[in-house]
1. May I ask you to verify whether Ala38 is modelled with pLDDT of 95 or more and part of a helix (DSSP H, G or I)?
2. Give the residues of segment 117-126 that are in contact with a helix residue (DSSP H, G or I) (Cβ under 9 Å, 6 or more places away or on another chain), closer than 17 Å to Arg176 by Cα and hydrophobic (A, V, I, L, M, F, W, C), sorted by residue number.
3. All but one of (1) over 21 Å from Phe86 (Cα atoms); (2) open to solvent by less than 10 Å² (accessible area, probe 1.4 Å); (3) not basic (Lys, Arg) hold for Gly198, so report the exception by its number.
4. Open to solvent by 30 Å² or more (accessible area, probe 1.4 Å) and under 30 Å from Asn73 (Cα atoms): is that true of Ile192 in this structure?
5. Can you tell me which residue among Ile133, Ile148, Ile161, Ile114 is among the hydrophobic types (A, V, I, L, M, F, W, C), touching an Asp or Glu at 6+ places or on another chain (Cβ under 8 Å) and free of Cβ contacts under 8 Å to residues at least 12 places away in the same chain?
6. Being under 16 Å from the mean Cα position of the chain (by Cα) and of a type outside the set (A, V, I, L, M) is true for just one of Asn84, Asn78, Asn96. Which residue is that?
7. In segment 209-238, how many are within 28 Å of Leu34 (Cα to Cα) and either crowded, with 16+ Cβ neighbours inside 10 Å or among the β-branched types (Val, Ile, Thr) (or both)?
8. Need a quick list: helices (runs of 4 or more DSSP H) entirely within segment 54-151 having at least 2 residues that are touching a Pro at 6+ places or on another chain (Cβ under 7 Å).
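The values are calculated or read from the model by the stated rules, or taken from the named source; none is laboratory data. As the structure is a prediction and not an experimental result, all values here were calculated from the model. All Cβ positions, even for glycine, are placed from backbone atoms using ideal geometry, and neighbour counts span all protein chains on display. What goes into the accessible areas is simple: the full protein's heavy atoms, side chains included, and nothing from ligands, DNA or RNA. Shrake-Rupley method; radii C 1.70, N 1.55, O 1.52, S 1.80 Å.
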Amino acid sequence: MKKKLLSLFAVVFTAFLLVGCSSSSNSSKKTTTLKIGASAVPHAQILRHVAPELKKEGVNLKITTFQDYTMPNKALANGELDANYFQHVPFLKLWNKQNHGTLVNAGGVHLEPIAVFSKKVKKLQDLKKGATIIVSSNVPDYGRILQIFKDAGLITLKKGIDITSANFSDIASNPRHLKFKHSYEPKLLPTIYKNGEGDAVVINANYAVGAGLNPIKQSIAIEKRNSPYVNIIATRKGDQNKPAIKKLVKVLQSTKTQKWILHHYKGAVLPEKNVK
């Protein structure tokens, strides 16, 4: 009887040790919470898609969505966020310049091709003299908009202009006297287009897709893929080398994620990598 009790005690004690070791092993596995700000579409959607994979890597994403282009960099600079995902490099450079900031690019993920929509014409070249083009107040996007109209042969730009910092004052010739109105908040442009205002409306892909528009199928002109306006993960200077940030960028730039972006958004959002 004593032998049986001793054997039972040994089994229970061994099981207790194993459970204890397992608990100790699990508790010793470090996890990092990464606070990241993002635009709702497509940025936050992409982050939610990769969140389970990052969790396996010991990184828990805490995603805060923003409806404008003003607050995410302020929140990052103030330490409220560890990173953000909503902007391209020209936007980041201008923000740093205007705000004496030191935010940096931790890695590119995708391109949101900016596109021209119209209820009045079916091709950009069909715009009549004096046509009104409604554009957002987002200055870093002006160069990419001008490039679309330049490629269509509707305007020319002054010689030596850096397209990433170009403005409407850099137009050299405008034979059709197109009127570019650029005092509108980017998020309002889909509504302005749906209301039939202006002759053409230029809309960022994130706001277009969020409003149920397909830039590939419904626009009359769209930005070319070889663009400097790839959307990036931004961090405070030095933080781009933190393990959690590196894991985030690695997962977002992986072929698996890049393929998902291409197929999920049906080309309306283009991955940085040329995947199929």
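1. Details: modelled with pLDDT of 95 or more: yes; part of a helix (DSSP H, G or I): no.
Judged against the criteria, Ala38 is not a match.
2. Leu124
3. (2)
4. Details: open to solvent by 30 Å² or more (accessible area, probe 1.4 Å): no; under 30 Å from Asn73 (Cα atoms): yes.
Criteria not met by Ile192.
5. On the way: Ile133 fails: free of Cβ contacts under 8 Å to residues at least 12 places away in the same chain; Ile148 fails: free of Cβ contacts under 8 Å to residues at least 12 places away in the same chain; Ile114 fails: free of Cβ contacts under 8 Å to residues at least 12 places away in the same chain.
None of the other options fit; the residue is Ile161.
6. Sole residue among the options that is under 16 Å from the mean Cα position of the chain (by Cα) and of a type outside the set (A, V, I, L, M): Asn84.
7. Going residue by residue through segment 209-238, those that are within 28 Å of Leu34 (Cα to Cα) are 209-210, 228-238.
With either crowded, with 16+ Cβ neighbours inside 10 Å or among the β-branched types (Val, Ile, Thr) (or both) added as a condition, the list becomes 209-210, 229-236.
Within segment 209-238, residues that are within 28 Å of Leu34 (Cα to Cα) and either crowded, with 16+ Cβ neighbours inside 10 Å or among the β-branched types (Val, Ile, Thr) (or both) number 10.
8. Working: elements: 71-77, 89-99, 142-151.
Here the list reads 89-99.
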